[in-house]
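Below is one structure, written out as structure tokens; the observations come after it.
The values are calculated or read from the model by the stated rules, or taken from the named source; none is laboratory data. A quick note: this is a predicted structure, and the numbers were derived from the prediction, not measured. Heads up, the Cβs are rebuilt from the backbone with ideal geometry, glycines too, and the neighbour counts pull from every protein chain shown.
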Amino acid sequence: MTEEADKCHVVMYPSPGRGHLMSLVELAQSLLRHHSCLSVTVLISSPPHLLPFITPYISSVSPSIAFRHLPSLSLPHSLSSTPTAFSDDPAMYFEYAHLNNPNLHQALSELLSASNPSQKPKALVVDFFYGAGAKVAAALHLPAYFYFPSGANPLAAFLYFPTLHKLTNTSLKDQDSSVDIPGVPPIPAKHMPSRMLDRSSRIYGHFLETSVRLAESAGLISNTFEALEPRAVKAILEGLCLPDGRTPPVYCIGPLVAANDHISQRDCLSWLDSQPSGSVLFMTFGSMGVFSSKQLREIAHALERTGVRFLWVVRRPPPHDEIWGNLAIKPEDDPGMDAILPSGFMDRTKDRGLVLKSWAPQVAVLSHGSVGGFVSHCGWNSVMEAVCAGVPMIVWPLYAEQKLIRAYVAGEMKLVLSVAETEDGFVTADELAGRITELMCPEEGRAVRERVAETRNAAREALSEGGSSRVAMAKLVDSFRSGMVRGEE
């Protein structure tokens, strides 16, 4: 058999958004690096307002990956098409996926009709938010795999979600007890993923539907490694999270970390070059990590009190924030950092701090030798990137499944420090300053630094030849090549 005839074509289908696309592309690149028998096509279905990011990003990706744009959608009046629609209402991800199913069906049908057998897809890998695509794959007798960009603890929670739904008629937001999920530390009901809290919300139904689809898939691909979350992985594999059904194969192929950030902001790296080794605290809170002006001022006060060197990524306060009325300008205008942060802060800290607007090349910053600590929203990609760089963390969960992740990495694993929030999520300057001092102090932060170093070594071992993630990746490729649809085994 010729090498071309032996090729296995896999189609990947990410949901809109920078992080989702980059994570799935990193999966594709990792698979292609180690398995030359694969070819990958990534289907792009993003709304027009995301194209300014997506177009240059695609051009920077390895030419070994093919990209195909689905036709643009005309959204119904019930769905907003504003640039902030998806961050304002995450239910849009699921609804956009449902609307795209005819386009997905057309694209897959065309690929399946290719005259060259090696060009016909053997599998579809869908992003969690685009689980509706699995229905199209089933209609075309194409195996559908779910890519779950988070860890095994959240995956266990999502698999167990339909069971939780059956156990009570009360929304999690109205429960005062802890939730017990196999393989996961006990967590207050109100700390479950935010989209699972209200049974009456649109997004609750979407999450429930997708959780059911996870169980019906040909396989689950998770961006974690077995040594990082052994208890959760064991519970999933033993079927404890799906007591009423059969658990699909699970492939822990992480950590997946982008080799670079396609860096466009190099000034901060030049600034880091001039700082002492391990002296800088890096603070950033993800693409949706937006704070009120009151909270931003509190963070600034904490940084002043500690006296540490810092690199801080600041996003403008939300449109409803009081600052816009006080400044008598529109939220879309740029008031400058001096107007948002405490008076004189920028000048007083100019010799030891750098404030960036909106974004920094996170992987490159974390890999820099002058960075000695990281304050983050506890997003899974950020946890993985910090672990791989060996940088200790303070976590400050804000949304999605981040409090569930904290329950494991801070509570059970003791891998990170965590801030304590008030009931409404506010963190005081005293609280943040205390955690920063603890992390950056050579003696106080020693235990966390040692655990992070051990975990970094475990991650490297998982990705090495014969490591657990490389073995899982090989099994995944074998499953792709079999072309087996769930239920046909």
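Can you confirm whether segment 237-249 contains a residue that is in the same structural domain as L476 (by TED's automatic domain parsing), assigned to a loop (DSSP other than H, G, I, E, B), surrounded by 23 or more Cβ atoms within 10 Å (Cβ to Cβ) and not aliphatic (A, V, I, L, M)? If you could, list the steps in order and put the result at the bottom.
Just the residues of segment 237-249 that are in the same structural domain as L476 (by TED's automatic domain parsing), to begin with: 237-249.
From what's left, assigned to a loop (DSSP other than H, G, I, E, B): 238-249.
Among the residues that remain, those that are also surrounded by 23 or more Cβ atoms within 10 Å (Cβ to Cβ) are: 241.
Of the ones still in play, those that are also not aliphatic (A, V, I, L, M) are 241.
Yes - at least one qualifying residue is present in segment 237-249.
Looking at (1) under 30 Å from T455 (Cα atoms); (2) out of contact with any Cys (no Cβ under 9 Å at 6 or more places or on another chain), find the lone condition where A232 falls short.
For A232, the failing item is (2).
Determine, yes or no, whether K234 is surrounded by fewer than 22 Cβ atoms within 10 Å (Cβ to Cβ) and either within 21 Å of G151 (Cβ to Cβ) or polar (S, T, N, Q) (or both). It would help to see each step written out before you state the result.
Numbers: surrounded by fewer than 22 Cβ atoms within 10 Å (Cβ to Cβ): yes; either within 21 Å of G151 (Cβ to Cβ) or polar (S, T, N, Q) (or both): yes.
Criteria met by K234.
Just a yes or no: is a residue in segment 77-90 at pLDDT 95 or above and within 12 Å of S15 (Cα to Cα)?
The answer is no; no qualifying residue exists.
Restricting segment 36-61 to residues that are among the hydroxyl-bearing types (S, T, Y) and modelled with pLDDT of 85 or more, which is nearest to M92 (Cα to Cα)?
Here is the first cut: in segment 36-61, the residues among the hydroxyl-bearing types (S, T, Y) are 36, 39, 41, 45-46, 55, 57, 59-60.
Next, from what is left, pick out any that are modelled with pLDDT of 85 or more: 36, 39, 41, 45, 55, 57, 59-60.
Working: S36: 36, S39: 30, T41: 24, S45: 13, T55: 22, Y57: 23, S59: 27, S60: 28 Å.
Top of the filtered list is S45.
Testing E322 on (1) modelled with pLDDT of 95 or more; (2) within 23 Å of S343 (Cα to Cα); (3) charged (D, E, K, R), one condition comes back false. Which one is that?
(1)
Every residue in segment 195-231 that is among the hydroxyl-bearing types (S, T, Y), in a helix (DSSP H, G or I) and surrounded by fewer than 21 Cβ atoms within 10 Å (Cβ to Cβ), please. Don't jump to the end; show me each part of the working.
Residues of segment 195-231 that are among the hydroxyl-bearing types (S, T, Y), as a first pass: 200-201, 204, 210-211, 217, 222, 224.
Restricting the remaining residues to those that are in a helix (DSSP H, G or I) gives 204, 210-211.
Listed by number, the list holds a single entry, Y204.
Residues in segment 13-24 that are buried (at least 23 other Cβ atoms within 10 Å of the Cβ) and among the hydrophobic types (A, V, I, L, M, F, W, C): how many?
2
Among (1) more than 26 Å from S194 (Cα to Cα); (2) out of contact with any Ser or Thr (no Cβ under 6 Å at 6 or more places or on another chain); (3) assigned to a loop (DSSP other than H, G, I, E, B), which single condition is W324 missing?
For W324, the exception is condition (3).
Scanning for something over 28 Å from P90 (Cβ atoms), without any contact (Cβ under 8 Å) to a residue 24 or more places away in the chain and outside any loop (DSSP other than H, G, I, E, B), does segment 9-28 turn up at least one residue?
The answer is no; no qualifying residue exists.
Would you point out the residue of segment 260-277, among those that are part of a loop (DSSP other than H, G, I, E, B) and in contact with a helix residue (DSSP H, G or I) (Cβ under 8 Å, 6 or more places away or on another chain), that is modelled with the highest pLDDT?
First, the residues of segment 260-277 that are part of a loop (DSSP other than H, G, I, E, B): 260-266, 274-277.
Next cut, in contact with a helix residue (DSSP H, G or I) (Cβ under 8 Å, 6 or more places away or on another chain) only: 260-263.
Working: N260: 60, D261: 55, H262: 52, I263: 55.
If we take residues in segment 260-277 being part of a loop (DSSP other than H, G, I, E, B) and in contact with a helix residue (DSSP H, G or I) (Cβ under 8 Å, 6 or more places away or on another chain), then N260 is modelled with the highest pLDDT.
Looking at A364, A360, which one is in a helix (DSSP H, G or I), in contact with a Leu (Cβ under 9 Å, 6 or more places away or on another chain) and not acidic (D, E)? Walk me through it before giving the result.
On the way: A360 fails: in a helix (DSSP H, G or I).
Of the residues listed, the single one that is in a helix (DSSP H, G or I), in contact with a Leu (Cβ under 9 Å, 6 or more places away or on another chain) and not acidic (D, E) is A364.
Which one of T163, T170 is part of a helix (DSSP H, G or I), of a type in the set (V, I, T) and in the same structural domain as L240 (by TED's automatic domain parsing)? Walk me through it before giving the result.
Details: T170 fails: part of a helix (DSSP H, G or I).
Sole residue among the options that is part of a helix (DSSP H, G or I), of a type in the set (V, I, T) and in the same structural domain as L240 (by TED's automatic domain parsing): T163.
Looking at segment 397-447, which of the residues that are buried (at least 20 other Cβ atoms within 10 Å of the Cβ) and of a type in the set (D, E, K, R) is farthest from W380 (Cα to Cα)?
R435
Identify all residues within segment 33-64 that are part of a helix (DSSP H, G or I), under 19 Å from I253 (Cβ atoms) and not basic (K, R); write none if there are none. Even if it seems obvious, please write down each step before you answer.
First, the residues of segment 33-64 that are part of a helix (DSSP H, G or I): 33-34, 48-60.
Remaining after also requiring under 19 Å from I253 (Cβ atoms): 33-34.
Hit for segment 33-64 is H34, nothing else.
Report the residue count in segment 338-354 for those that are under 14 Å from I299 (Cα atoms), touching a residue at least 40 places away in the same chain (Cβ under 8 Å) and either under 24 Å from the mean Cα position of the chain (by Cα) or part of a loop (DSSP other than H, G, I, E, B) (or both).
3
Of the conditions (1) outside any loop (DSSP other than H, G, I, E, B); (2) touching a Ser or Thr at 6+ places or on another chain (Cβ under 8 Å), K475 satisfies every one except a single condition; which number is it?
Every listed condition holds for K475 apart from (2).
Go through segment 103-139 and count every residue that is hydrophobic (A, V, I, L, M, F, W, C), part of a helix (DSSP H, G or I) and out of contact with any Asp or Glu (no Cβ under 9 Å at 6 or more places or on another chain).
So in segment 103-139, the residues hydrophobic (A, V, I, L, M, F, W, C) come out as 104, 107-108, 111-112, 114, 123-126, 128-129, 132, 134, 136-139.
Restricting the remaining residues to those that are part of a helix (DSSP H, G or I) gives 104, 107-108, 111-112, 128-129, 134, 136-139.
If we keep only those that are out of contact with any Asp or Glu (no Cβ under 9 Å at 6 or more places or on another chain) too, we end up with 104, 107-108, 111-112, 128-129, 136-137, 139.
Residues that pass the stated criteria total 10.
Filter segment 431-459 for residues that are free of Cβ contacts under 8 Å to residues at least 12 places away in the same chain and either charged (D, E, K, R) or part of a helix (DSSP H, G or I) (or both) and give the result. Please lay out each step first, then the result.
Taking segment 431-459 first, the residues free of Cβ contacts under 8 Å to residues at least 12 places away in the same chain are 434, 441-444, 446, 450, 454, 457.
Matches in segment 431-459: G434, E443, E444, R446, E450, E454, N457.
Of everything in segment 355-376, what is surrounded by 21 or more Cβ atoms within 10 Å (Cβ to Cβ), within 18 Å of M288 (Cα to Cα) and not hydrophobic (A, V, I, L, M, F, W, C)? Give them in sequence order.
Once the filter is applied, which keeps residues that are surrounded by 21 or more Cβ atoms within 10 Å (Cβ to Cβ), within 18 Å of M288 (Cα to Cα) and not hydrophobic (A, V, I, L, M, F, W, C), segment 355-376 yields Q362, S376.
Check segment 157-173 and report whether any residue there is among the charged types (D, E, K, R), surrounded by fewer than 18 Cβ atoms within 10 Å (Cβ to Cβ) and touching a helix residue (DSSP H, G or I) at 6+ places or on another chain (Cβ under 8 Å). Break it down stepwise before answering.
Taking segment 157-173 and keeping what is among the charged types (D, E, K, R), we get 166, 173.
From the residues that got through so far, the ones that are surrounded by fewer than 18 Cβ atoms within 10 Å (Cβ to Cβ) too are 166, 173.
Pick out the ones that are also touching a helix residue (DSSP H, G or I) at 6+ places or on another chain (Cβ under 8 Å) and you get 173.
Scanning segment 157-173 turns up at least one residue that is among the charged types (D, E, K, R), surrounded by fewer than 18 Cβ atoms within 10 Å (Cβ to Cβ) and touching a helix residue (DSSP H, G or I) at 6+ places or on another chain (Cβ under 8 Å).
Looking at S222, S200 in this structure, which one is touching a Ser or Thr at 6+ places or on another chain (Cβ under 8 Å), more than 26 Å from S468 (Cβ to Cβ), assigned by TED's automatic domain parsing to the domain that holds F158 and polar (S, T, N, Q)?
Numbers: S222 fails: more than 26 Å from S468 (Cβ to Cβ).
Only one candidate passes the filter, namely S200.
Let's see how each residue does on (1) in contact (Cβ under 8 Å) with a residue 40 or more places away in the chain; (2) over 16 Å from V452 (Cβ atoms); (3) not hydrophobic (A, V, I, L, M, F, W, C):
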| site | (1), (2), (3) |
| --- | --- |
| L366 | yes, no, no |
| S370 | yes, yes, yes |
| G373 | yes, no, yes |
| E385 | yes, no, yes |
| A389 | yes, no, no |
| L398 | yes, yes, no |
| I405 | yes, no, no |
